[in-house]
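Everything below concerns the one structure shown next.
The values are calculated or read from the model by the stated rules, or taken from the named source; none is laboratory data. Not measured: the values here are computed from a predicted model. All Cβ positions, glycine included, derive from the backbone under ideal geometry; neighbour counts span all protein chains shown. Accessible surface is based on the protein model in full, side chains and every heavy atom, while ligands, DNA and RNA are left aside. Shrake-Rupley method; radii C 1.70, N 1.55, O 1.52, S 1.80 Å.
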Amino acid sequence: IFFKHYLPQNGDVVVDLGAGYGVEAVWLSQLAPEARYYGLETQPVIFECLSNTYHGLGKRFCAFPHAITDATEFKTQSQFSYASSSQQREGYIHVPTLTWKEFCEHNRITKIDLLKMNIEGAEKEFINSVHDFTAILRMIVSCHDFRANRGEGEHFRTKKTVLEKLQENGYQIKTFSYGKNWSEDWIYAERI
């Protein structure tokens, strides 16, 4: 489903925010083994699994335990489910942070063919921390308004802000429709 509108090719750079256990990377490693894949996961237990998954895929797959944010501090709670990976107000695990610019400079990334984002309600914070979108050709963003609609908290309501920011920065938008409420909140954006 993440690759419905664009399937990465050999030589592409893919950045995966909220990479979870790395399932998509395993699948992609078979289709485009020469793609470079950077996965970030803030949950320590899930990051450990992600790191082990990527280790088995080779040097082109790099796992990072960072939160990409302009904030100097990010805390979370240990969860055994990737669906609980958004920042908690009373978290007790300090997660290392990088700004988007620092992350790109550290990895010498000048072009991103696909930015995949599934960060459980932190989409608005991330999208507002990107000050230059020119290097990002395509994005697939899993917004989580359906969780706000279920009463899990208004911080999950991110789709409107993400759509506006992407359109302001020259992206053409496509959506998903699979008859599942969560899929209605997904956004595919491609630079025109």
| remark: Reported set for the range 22-40 where residues are open to solvent by 10 Å² or more (accessible area, probe 1.4 Å), under 19 Å from A122 (Cβ atoms) and modelled with pLDDT of 95 or more is Y38
| field | Qualifying residue in the range 54-66 (condition: surrounded by fewer than 21 Cβ atoms within 10 Å (Cβ to Cβ), without any contact (Cβ under 8 Å) to a residue 60 or more places away in the chain, within 24 Å of E190 (Cβ to Cβ) and among the aliphatic types (A, V, I, L, M)) | value | no
| query | Can you find a residue in the range 181-192 that is out of contact with any strand residue (DSSP E or B) (no Cβ under 8 Å at 6 or more places or on another chain) and either closer than 27 Å to H131 by Cα or part of a helix (DSSP H, G or I) (or both)? | reply | yes
| Selected residue (only one of A71, A35, A67 is more than 21 Å from I112 (Cα to Cα) and either in contact with a Leu (Cβ under 7 Å, 6 or more places away or on another chain) or of a type outside the set (V, I, T) (or both)) | A71
| request: Read through the list (1) farther than 22 Å from L40 by Cα; (2) touching a residue at least 60 places away in the same chain (Cβ under 8 Å); (3) under 16 Å from the mean Cα position of the chain (by Cα), then give the number of the only condition that N118 fails. | output: (1)
| request: Using the structure shown, decide if I187 is surrounded by 18 or more Cβ atoms within 10 Å (Cβ to Cβ) and of a type in the set (V, I, T). | output: yes
| task | Mind telling me which of the residues R138, R157 ends up being at pLDDT 95 or above and of a type outside the set (A, V, I, L, M)? | result | R138
| task | Can you confirm whether the range 113-126 contains a residue that is surrounded by fewer than 21 Cβ atoms within 10 Å (Cβ to Cβ) and more than 26 Å from Y21 (Cβ to Cβ)? | result | no
| Hey, H155 over 22 Å from I1 (Cα atoms), surrounded by fewer than 22 Cβ atoms within 10 Å (Cβ to Cβ) and touching a residue at least 60 places away in the same chain (Cβ under 8 Å) or not | yes
| query | in contact (Cβ under 8 Å) with a residue 12 or more places away in the chain, surrounded by fewer than 15 Cβ atoms within 10 Å (Cβ to Cβ), hydroxyl-bearing (S, T, Y) and out of contact with any Leu (no Cβ under 7 Å at 6 or more places or on another chain), is that true of Y178? | reply | yes
